[in-house]
Amino acid sequence: GLSELNKKELERESDKEKIISDSEGVVDSGTESGFYDFKAWNDSCSPELVVINAGNRLPENVNIKIKVCRGKEVGAILSSDLERMICDAKKEGIILWISSGYRSVDLQTRLFKRQIEREKSKEIISEEEAEKRAARIVARPYTSEHNTGLAIDFNGVEDNFYTTKEYKWLINNAHKYGFIERYQKKWQSRTGVIYEPWHFRYVGKD
């Protein structure tokens, strides 16, 4: 079931913010066949380098180790580097806070189903069409980087985050702690995900 932290998160946030915060808005290419097959890579790579997206699902039997950092669940593998990054940023007058970290597949499923119902309430459409539209806003279960525990959304998931001093600090420093800006605008056609300046992904310092 849902952890207590995720239950509170699901209940507390407003509908609008929740849709944005829990989305990895997939660019509508009309197909998932454009994704590379990372199955062999995912079976042999180190945990922090796994590639999960609409064409490469998280294995159903995977065991994600979780820790709590700043009141949010995150992957245990990144928790110390994340805490260090937030503390070092604060020393420079930069305040970073975690909007979203680890998201269980159960929670992702609930969010996706809720978005399907929203789409169906807008007009009379088939279940298939509703799912397709929902997937543009909320990632399907097992396809979100948040399901891996490796993704962190920062500072309220605001569209204008890229204009802030916090974002600029992350761009200049996040790599020192093992994080990258995952969904850049220039790579939308490759990632299949809209520009998300708030979404940083742990890949390890090496």
Exercise. State all residues of the stretch 39-64 that are outside any loop (DSSP other than H, G, I, E, B) and touching a Ser or Thr at 6+ places or on another chain (Cβ under 7 Å); if no residue qualifies, say none.
Key: Asn53
Quiz item: Does the stretch 58-66 contain at least one residue that is over 29 Å from Asp37 (Cα atoms) and modelled with pLDDT of 95 or more?
Solution: no
Exercise. Kindly check whether there is at least one residue in the stretch 48-58 that is over 12 Å from Leu150 (Cα atoms) and surrounded by fewer than 14 Cβ atoms within 10 Å (Cβ to Cβ).
Key: no
Quiz prompt | Criterion (in a helix (DSSP H, G or I) and in contact with a strand residue (DSSP E or B) (Cβ under 9 Å, 6 or more places away or on another chain)) met by exactly one of Asn147, Asn160 | solution = Asn160
Quiz prompt | Failed criterion for Asp153 (all others in (1) part of a strand (DSSP E or B); (2) crowded, with 22+ Cβ neighbours inside 10 Å; (3) in contact with a Lys or Arg (Cβ under 8 Å, 6 or more places away or on another chain) hold) | solution = (3)
Quiz item: Among the residues of the stretch 156-206 satisfying the criterion of being polar (S, T, N, Q) and open to solvent by 80 Å² or more (accessible area, probe 1.4 Å), which is modelled with the highest pLDDT?
Solution: Asn172
Quiz item: Here are Tyr183, Tyr167, Tyr177, Tyr142: which of them is without any contact (Cβ under 8 Å) to a residue 60 or more places away in the chain and hydroxyl-bearing (Ser, Thr, Tyr)?
Solution: Tyr167
Quiz prompt | Positions within the stretch 150-179 being within 13 Å of Gly204 (Cα to Cα) and among the aromatic types (Phe, Trp, Tyr), in sequence order | solution = Tyr177, Phe179
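The values are calculated or read from the model by the stated rules, or taken from the named source; none is laboratory data. Quick caveat: nothing in here was measured; it's all calculated off a predicted structure. With ideal geometry, Cβ positions are generated from the backbone for all residues, glycine too; neighbour counts draw on all protein chains shown. Note: areas computed on protein heavy atoms with side chains; ligands, DNA, RNA excluded. Shrake-Rupley method; radii C 1.70, N 1.55, O 1.52, S 1.80 Å.
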